[in-house]
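The values are calculated or read from the model by the stated rules, or taken from the named source; none is laboratory data. Quick caveat: nothing in here was measured; it's all calculated off a predicted structure. Cβ coordinates were reconstructed from backbone atoms using ideal geometry, including for glycine residues, and neighbour counts include every protein chain displayed. Quick note on the areas: whole protein, heavy atoms, side chains included, nothing else; ligands and nucleic acids left out. Shrake-Rupley method; radii C 1.70, N 1.55, O 1.52, S 1.80 Å.
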Amino acid sequence: MKYFYLITNEVKDPQGVYTKRITAYLEAHGGKVTCIDNTAAAAMDTVVSKDRGGEEMACVLVLGGDGTLLRAARNMIDKDIPLLGINLGTLGYLAEVEIGAIEQALDKLLAADYTREERMMLEGQVRKQHQSEDNFALNDIVISRCGTLQILTFLIYVNGQFLNSFSADGMIVATPTGSTGYNMSAGGPVVEPAANLLLLTPICPHTLNTRSIVLAPEDEIRIEIPQGKDGRLQAVEANFDGSCKIGLQTGDSIVIRKASKTTGILKLNTESFLAVLHKKMSE
């Protein structure tokens, strides 16, 4: 018997119509399903297990959109169970299964007709005066202002070597998976998800010659928060995949590197990344 976890979404599936439809179909075809509310991050840590007493663990089905899948990837980074996104949103690059074709997708899943892609993740360590805090991201880590509208100053170091001082609304460090997210909106390059690299992109830079920088996966990026204009205190926040926030201020820094663990994403279709990109950009 194949075992599935289904992360539900009460916002995009408030009546549980799609949750019931997927569960009923899998169980009718010999599968077993455990449903988990997408807001119960702590439950994922305690309920989701790769060891099901001899049952074959297939994957975690993530119902909603890219945001739900990103949260699942971060919450289950230690589980080594692949994810399959079912799109109930609008523009989804990660959640590749559209709800109108769910039965066909589930048939492929039950027949093990898929490939597994390993996506690199980011590890970010926020360093404050007396403490540090770590978190992970599949798409990106964004350092942006909080509070009043103001130009921010960032000091960027790569492998301990000073790179440059940036004046901008924020800074994005993205993975290839995240290249089609905020990075793309900020003018950064779109990258094949299977690539292995880091993207550093300023948000609305206040110069005419600032561009994205592509770095090796082994590189370590340190972003320091100095004093602002006229010696004022700068207050910013680091956003991990847009949902987990950690505050920083002048004197603090964040160190970002490639995480040692990856996220497994199941692919059911044979379309190339460029074909999917063309379709998404035409919608």
Meets criteria (modelled with pLDDT under 90, open to solvent by less than 30 Å² (accessible area, probe 1.4 Å) and more than 20 Å from G147 (Cα to Cα)) for T201: no
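Please specify each residue of segment 180-198 satisfying the condition of being of a type in the set (A, V, I, L, M, F, W, C) and not in a loop (DSSP other than H, G, I, E, B).
Within segment 180-198, M184, L198 meet the criteria.
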V214 being in a strand (DSSP E or B), free of Cβ contacts under 8 Å to residues at least 60 places away in the same chain and under 19 Å from the mean Cα position of the chain (by Cα): yes
Subset of segment 64-95 (residues that are modelled with pLDDT of 85 or more, closer than 17 Å to N269 by Cβ and surrounded by fewer than 22 Cβ atoms within 10 Å (Cβ to Cβ)): P82
Per-region count, segment 230-264, residues open to solvent by 10 Å² or more (accessible area, probe 1.4 Å) and either part of a loop (DSSP other than H, G, I, E, B) or aromatic (F, W, Y) (or both): 8
Residues of segment 126-145 satisfying the condition of being surrounded by 12 or more Cβ atoms within 10 Å (Cβ to Cβ) and farther than 26 Å from I77 by Cβ: R145
From I225, I256, I221, residue being among the β-branched types (V, I, T) and either farther than 24 Å from I77 by Cα or free of Cβ contacts under 8 Å to residues at least 12 places away in the same chain (or both): I225
Exclusive hit being of a type in the set (K, R) and within 20 Å of G160 (Cβ to Cβ), set K229, K258: K258
Hits in segment 119-146 - residues which are among the charged types (D, E, K, R) and closer than 19 Å to N183 by Cα: R119, E123, D140, R145
